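Before any comments, here is the structure.
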Amino acid sequence: MTQKLPTLIIFMLIALSSSIFLPSTAQAQRIQTELEVKLVASGLRFPWGMAFMPDGNLLVTERVGQLRVITPDGRVSEPVKGVPAVFSQQQGGLLDVALDPEFSKNRLIYLSYAELEGGKAGTAVAKAELKDGNLENLQVIFRQFPKTQGAVHFGSRLAFAPDGNLFITLGDRGDHMDEAQRLGTHIGKIIRIRSDGSVPTDNPFVNDPKAKPEIWSYGHRSVQGAAIHPKTGQLWIHEHGPKGGDEINIPQPGKNYGWPQASYGVHYNGTPIKDEHTGQGFEEPIHHWTPSIAPSGMVFYTGNLFPGWRGNLLVGALAGKHVSRLSTDGKRILGEEQLLIQSARFRDVEQGPDGALYLLTDEENGRLLKVTPKR
């Protein structure tokens with residue numbers, strides 16, 4: 001399936017924005033409320049992740065197991081050949097994509113995906129060279145242990161830290177939530193590895209024989225957003241809560257973030273969960289949403305098109321059907337403004353090389369949208 005859009009088409013003008021109060025935040029200053037949203041491409045089958053290449057082309061994953069290249073003028077390539085086989089059920093499939101820090105020299109990309117083996121599934125990460133529309137020399141550098149039954153809560157975002165190490169966010173695999181508190185598995189963890197899959201010697205549990213050495217932090221539910229702070233170089237994540245209690249955390253090495261023993265939400269069956277984190281020895285989230293917005297994708301804005309947004313965190317919302325703009329001081333969330341209210345289920349958010357905001361919508365006929373200030 002190839003769709004050609006020779007020019008950007010104006011899809012909609014949205015001047016809707018709402019500053020809201022949440023228990024853990026103040027009101028964000030309204031900086032840019034009139035936005036122009038243009039359709040770049042459509043016909044994408046549940047697009048999930050994206051990464052801009054140096055030539056301005058965009059890599060986009062489709063959860064059904066396909067990788068596309070989209071040009072700035074909206075042309076969508078045929079599926080890239082050589083993508084690994086994926087377990088495409090419910091929340092499983094081809095998930096995130098990231099470029100190697102030396103991509104211009106080595107053409108390496110990284111893919112996270114749900115992998116099936118013996119009737120069980122788990123999150124895996126592979127790297128390969130992108131050459132002439134094909135993936136070559138594919139190598140799996142990480143596999144979640146153990147693989148489990150079920151088709152939900154795979155994570156999974158990829159983020160390279162300034163030191164070149166790769167963070168991989170995982171989920172608790174649904175019915176296996178208690179494993180998030182056990183260091184002998186990867187379930188419900190943030191993973192930190194080198195780009196070749198080896199373990200950095202300064203990982204927090206590297207000398208613990210009872211723990212998986214790849215673990216960076218634990219006690220996470222389902223982490224579908226990750227971004228590196230442009231000034232501090234720290235990893236920021238957000239994760240889905242149950243009914244309520246979506247969180248933003250700045251995961252520190254070796255720290256426990258409480259799931260499933262602490263949450264600001266409740267279980268789907270109505271069973272309450274203690275919302276006390278520090279009293280149980282867990283880390284307190286720096287921000288939470290109740291009711292849930294179902295966050296997915298996040299980026300720190302550093303461009304020039306929206307100068308008032310510089311340094312802000314932008315988060316897509318699936319259930320909330322909006323984009324949240326969160327002002328921060330590098331350690332805390334200071335305020336929040338909802339943008340593009342009730343527009344779509346936004347699966348991923350990225351800043352383009354032109355400073356525009358690019359959004360992927362979560363649907364069978366998924367769209368790539370470009371957001372700029374209204375002229």
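No value in this document is a laboratory result; all are computed from the given coordinates. In this text, all values refer to a predicted model and were calculated from it rather than measured experimentally. Virtual Cβ from ideal backbone geometry, glycine too; neighbours counted across all protein chains shown.
Under 12 Å of direct C-alpha separation, and excluding same-chain neighbours fewer than eight residues apart, Lys38 reaches these aspartates and glutamates: Asp73.
For the chain, modelled as a GNM whose springs connect Cα atoms under 10 angstrom apart, the maximal fluctuation among Glu247, Glu117, Glu62 occurs at Glu117. Going by a ≥ b ≥ c, the root eigenvalues of the Cα gyration tensor, does the range 152-232 fall in the rounded group (a/c under 1.5), the prolate group (a/b larger than b/c) or the oblate group? Verdict is oblate for the range 152-232.
By the rule of a C-alpha distance below 16 Å, with chain neighbours fewer than 8 residues away ignored, the aspartates and glutamates paired with Lys331 are Glu247, Glu283, Glu284.
Put simply, the amide H of Ala317, placed in the peptide plane, has neighbours under 5 Å in Ser296, His322, Ser324, Phe346, leaving out anything fewer than 5 places away on its chain.
Once every DSSP H run of n ≥ 4 in the chain is given -39500 (n - 2.57) and the sum is divided by its residues, what mean residue ellipticity at 222 nm do you get, rounded to the nearest 500 deg cm²/dmol? Roughly 0 deg cm²/dmol at 222 nm, from the helical runs in the chain. Charged side chains reduced to their Cβ positions (Lys and Arg at +1, Asp and Glu at -1) give the chain a dipole of some 360 debye around its Cα centre. Couplings 3J(HN,Hα) for the range 316-332, derived from phi with the Karplus relation 6.51 cos²θ - 1.76 cosθ + 1.60 (θ = phi - 60°), are x, 10, 7, 5, x, 6, 7, 10, 9, 9, 10, 7, 9, 10, x, 10, 10 Hz, where x marks Gly and Pro. The phi-based Karplus calculation (6.51 cos²θ - 1.76 cosθ + 1.60; θ = phi - 60°) puts the 3J(HN,Hα) values of the range 36-49 at 9, 10, 10, 7, 8, 7, 9, x, 7, 8, 6, x, 10, x Hz, whole numbers, x for Gly and Pro. Between the beta carbons of His267 and Phe145, assuming R0 = 30 Å, the FRET efficiency works out to 0.70 to the nearest 0.05.
Across Arg332, Arg173, Arg157, mean-square fluctuation computed from a Gaussian network of the chain (C-alpha pairs under 10 Å connected) peaks at Arg332.
Full extension from Val64 to Asn106: what is 0.36 nm times the residue separation minus their Cα-Cα distance, to one decimal in nm? Write out the running numbers ahead of the final one.
Numbers: separation 42, 0.36 × 42 = 15.12 nm, distance 2.72 nm.
Taking 0.36 nm per residue and subtracting the Cα distance, the gain is 12.4 nm.
With a cut-off of 12 Å between beta carbons, the residues surrounding His322 carry a summed charge of +1, where Lys and Arg count +1 and Asp and Glu -1.
Applying 1/(1 + (r/R0)^6) with r as the Cβ-Cβ distance of Gln89 and Lys243 and R0 = 25 angstrom yields a FRET efficiency of 0.60. Counting pairs of Cα atoms in the range 261-375, how many percent are more than 16 Å apart? Pairs farther apart than 16 Å: 64 percent. List the pairs from Lys212/Lys255; Lys81/Lys231; Lys120/Lys210; Lys212/Lys321; Lys255/Lys321; Lys231/Lys255 whose alpha-carbon separation is above 26 Å, in the order I gave them. Correct reply: Lys81/Lys231; Lys212/Lys321; Lys255/Lys321.
Excluding same-chain neighbours fewer than eight residues apart, the lysines reachable from Lys105 by a Cα-Cα span under 16 Å are Lys127, Lys131. Let me make sure I get this right: for the range 49-174, a, b and c are the square roots of the gyration tensor eigenvalues over alpha carbons, sorted descending. Under 1.5 in a/c it's rounded, otherwise prolate if a/b > b/c, else oblate. Which is it? Cα axes put the range 49-174 in the prolate bin. Between Thr232, Thr123, Thr361, the Gaussian network model of the chain with springs among Cα atoms under 10 angstrom shows the greatest mean-square fluctuation at Thr232. One chain, two ends: Leu334 and Gln252. Fully extended at 0.36 nm per residue, the span grows by 27.5 nm beyond their Cα-Cα distance. Across the options Phe46, His229, Pro209, the greatest Cα extent toward the positive end of the charge dipole of the chain (unit charges at beta carbon of Lys, Arg, Asp, Glu) belongs to Phe46.
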